[in-house]
1. Among 74, 136, 178, which one moves the most in a GNM of the chain with springs linking Cα atoms closer than 10 Å?
2. Taking Cα atoms, how many degrees apart are the long axis of helix 40-54 and the longest axis of the chain, rounded to 10 and kept between 0 and 90?
3. At 0.36 nm per residue, minus the direct Cα-Cα distance, what do residue 122 and residue 98 gain on full extension? Give it in nm, one decimal, please.
4. Rounded, prolate or oblate: pick one for the stretch 104-240, where a ≥ b ≥ c are the square roots of the eigenvalues of its C-alpha gyration tensor, a/c under 1.5 means rounded, and failing that, prolate if a/b is larger than b/c, else oblate.
5. Based on the mean of other beta carbon atoms within 10 Å per residue, what is the order of 180-190, 151-161, most packed first?
6. If you stretched the chain out fully between residue 209 and residue 39, how much longer would it get, using 0.36 nm times the residue separation minus the C-alpha to C-alpha distance?
7. How tilted is helix 90-107 with respect to the longest principal axis of the chain? Cα atoms for both, answer in degrees (0 to 90, nearest 10).
8. Where in the stretch 6-28 is the amide nitrogen less than 11 Å from a point lying 7 Å along the Cα-to-Cβ axis of residue 152?
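Just so it is clear, none of the values below were taken in a lab; they were calculated from the coordinates. All values derive from a computational prediction rather than experimental measurement. Cβ: placed from backbone, ideal geometry, glycine included. Neighbour counts: every protein chain shown.
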């Protein structure tokens, strides 16, 4: 019997990728307005090329990575992108990174199936979140999205002290919920960052495969695969 359900945040409950796309365009427009010889298209491509190159998991390269890696990494991404476009200007890189983050936060929205799924689980199981990034950023996102009061526990990798890819982070969630691993489900969109470490910790895994991607043979197979969160409550708990 499932007694606790932990969610991933980005691209599981909220549209990180969509918000990041808006923020990239906004930051590029800002930079172009403050430097000669730049084009929005050229800077955007330089930024995305570097982002894809530095992201370990090609299935989870989304531009929201900057927001979850902290301001220093965001600065380095924009600094390198500007340099590839012939602009060496650390001050502009810092300003672009800040503009990106502010724009991303403003553009962040819940996915339409997120709130109904969370609310359907409330009162029936322990509902928690396992997220990556700085506590300040994650907590700000939860507040702006209206999720803070709906979660019984929030585990952030930097705060707990384990990497997002470390099964011990998920084991910490099990202890937080006061359950056995087999009584806890983890729900996320990444086979590498959600399914693999949760599986290694003994949790029931649910892969939210919105894009219809093919499973990876080199990673653990999820216990369940869903196209969105709509069937989740009945899948895990059955009909009320």
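1. Result: 136 has the largest fluctuation of those listed.
2. Roughly 50 degrees between the two axes.
3. 5.1 nm
4. Verdict is rounded for the stretch 104-240.
5. Top to bottom by mean Cβ count within 10 Å: 180-190, 151-161.
6. Using 0.36 nm per residue and subtracting the Cα-Cα distance, I get 57.7 nm.
7. Roughly 40 degrees, rounded to the nearest 10.
8. 6
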